[in-house]
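As structure tokens, the structure follows; a few thoughts come after it.
The values are calculated or read from the model by the stated rules, or taken from the named source; none is laboratory data. Given the structure is predicted, the values throughout are model-derived calculations rather than measurements. Glycine also receives a Cβ, built like all others from the backbone with ideal geometry; neighbour counts cover every protein chain displayed. Just so you know, the surface numbers come from the protein's heavy atoms only, side chains and all, with ligands and any DNA or RNA stripped out. Shrake-Rupley method; radii C 1.70, N 1.55, O 1.52, S 1.80 Å.
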Amino acid sequence: MGAASLMVRQFYSLVMWAAQPLLRRKLRRRGLAEPGYLDAIGERFGQYTQPAETASELVWVHAVSLGETRTAGILLAALRAQWPGVRILLTHGTATGRAEGAGLLRAGDVQVWQPWDSQGAVARFFTHFRPRLGVLLETEVWPNTVAGAQARGVPLVLVNARLSDKSLQQALRMALLSRPAYAALAAVYAQSDNDAERLRKLGAPVRAVFGNLKFDAAPDAAQQELGRQWRQALGRPVLMLASSREGEEDSFVEQIKLLALSTRAPAAPEMRADVEAAPAADFQLLIVPRHPQRFDEVQALIEQHGLTVARRSGWNGAPPAAADVWLGDSLGEMALYYAMSDVALLGGSFAPLGGQNLIEAAACGCPVIMGPHTFNFAEVAELAEAAGAARRVADMGEAVRAARSLLSRPAAQQAAADAGRKFSAQHRGAAANTVQALAHFLKD
């Protein structure tokens, strides 16, 4: 590392140290909506109640949030098939990620928060757990964490790696900090050729392109069967807004109401208010917010539009209750929701947020309509569009119209569903290739 880079990292380290009180305050605020953020706060600063490790046995897997944790589950299953006795140190940054990760633990595994990227917290993390290998999922490259691993001879490998153009430009603006961090990784296995090219511009040692681990996930069969049963019992198509983000639900409902106005003629002026409040009657609406802390907020928003809501949490084992909008207020049931739906609009893509991953939708045979903002999953979005499993539109209004058109043409909807399943099957294999690559670092 050059002198200039060292000085920049020292300044960064000072900022991260000084920001610790702000992080504690932020965690307390977030904990009001998500109590999980209040659990074991000391772990974020390298203060642990777990016994210190006396030997370098643990394989550290870092999955920052819910999506990465589900991807980690795919990788852990493949790792354990190859090395049944492997012990895992699983870390996260979000409460939903940690809650999901608890279900991945086996006897001997350890789960803690990701250490805050200050020199002290990182040093205490590595001293306490002594991992033999670190496996980072997708994008999580932190300068002090990488430097701490390098100083202790712990190889860090970035798997299922992706980097958007936007993130690349941000990293290049801080090249004195980002380049040494990426260059110090032991290996990088990218999702796509484009990701690999961008990562190499930051000096990352890209060894191979394996595709996306998410393609190796098998959607829950029981959830899919239940979803299909509920959809068939309804007797009309279901349109879902999947993994929606703030602002998208309001836009979605507004466009549905406009569609209702354009396709219905009220018999008298006094009926207009009822028509404006009602969704299009030829299909059922389903909204699944991305973040659980927004479930109540989204219900209130829908009701402000004069629509009725039935929440998944109230259905139990029964079919969904009759309502203008079904609200998917559960975690870990996307396979159920996709199986219930005939078409899904991709959340996060109608606002400049980068979109959500559409792989599970494709695997479940649910055609996707996505907005213009898919930079977080650009390669997958492009491949899905080319395969006929997804369609891109300019905005929410066009998405709703395109969805209604597809729902009115069962043959076209079925062709898109079949294309999604085929697309998903053709891109599997990343998990096996990743585990084979990690074998180099796990040899005794």
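Note on LYS26: accessible area is roughly 100 Å² with a 1.4 Å probe, heavy atoms of protein only.
Given a 1.4 Å probe and every protein chain left where it sits, what share in percent of the accessible area of region 108-162 is carbon and sulfur? C and S atoms contribute 48 percent here.
Rolling a 1.4 Å probe over the protein heavy atoms gives the chain an accessible area of 42 Å² per residue. Summed over qualifying helices (DSSP H, 4 residues or more, each -39500 (n - 2.57)) and divided by its residue number, the chain shows a 222 nm mean residue ellipticity of -14500 deg cm²/dmol.
The angle between the Cα long axis of helix 396-407 and the longest principal axis of the Cα atoms of the chain comes to about 70 degrees, rounded to the nearest 10.
The three principal axes of the Cα atoms in the chain give end-to-end lengths of 76, 45, 44 Å, sorted in falling order. First measure r as the distance between the Cβ atoms of ALA432 and ARG200, then evaluate 1/(1 + (r/R0)^6) with R0 = 25 Å and state the FRET efficiency to the nearest 0.05. Once rounded, the FRET efficiency stands at 0.55.
Give me the percent relative contact order of region 323-436, please, defined on Cα pairs under 8 angstrom at least 6 residues apart.
This gives 25 percent for region 323-436.
The relative contact order of the chain comes to 13 percent, based on Cα pairs under 8 Å that sit 6 or more residues apart. Residue-normalised convex hull volume from the C-alpha trace of region 314-416: 116 Å³ per residue.
Under 28 Å of direct C-alpha separation, and excluding same-chain neighbours fewer than eight residues apart, LYS443 reaches these lysines: LYS214. Over all other residues within a Cβ to Cβ distance under 13 Å of GLU248, the charged ones net out to -3, with Lys and Arg as +1 and Asp and Glu as -1. Over all other residues within a Cβ to Cβ distance under 14 Å of LEU345, the charged ones net out to -1, with Lys and Arg as +1 and Asp and Glu as -1. Where does the Debye-calculated log10 I(q)/I(0) of region 1-128 sit at q = 0.14, 0.21 Å⁻¹, using only Cα point scatterers of equal weight, no solvent? With no solvent term, the Cα-only Debye profile gives -0.70, -1.24.
Count the net charge of all other residues whose Cβ sits under 10 Å from the Cβ of SER330, scoring Lys and Arg as +1 and Asp and Glu as -1.
Its environment carries a net charge of 0.
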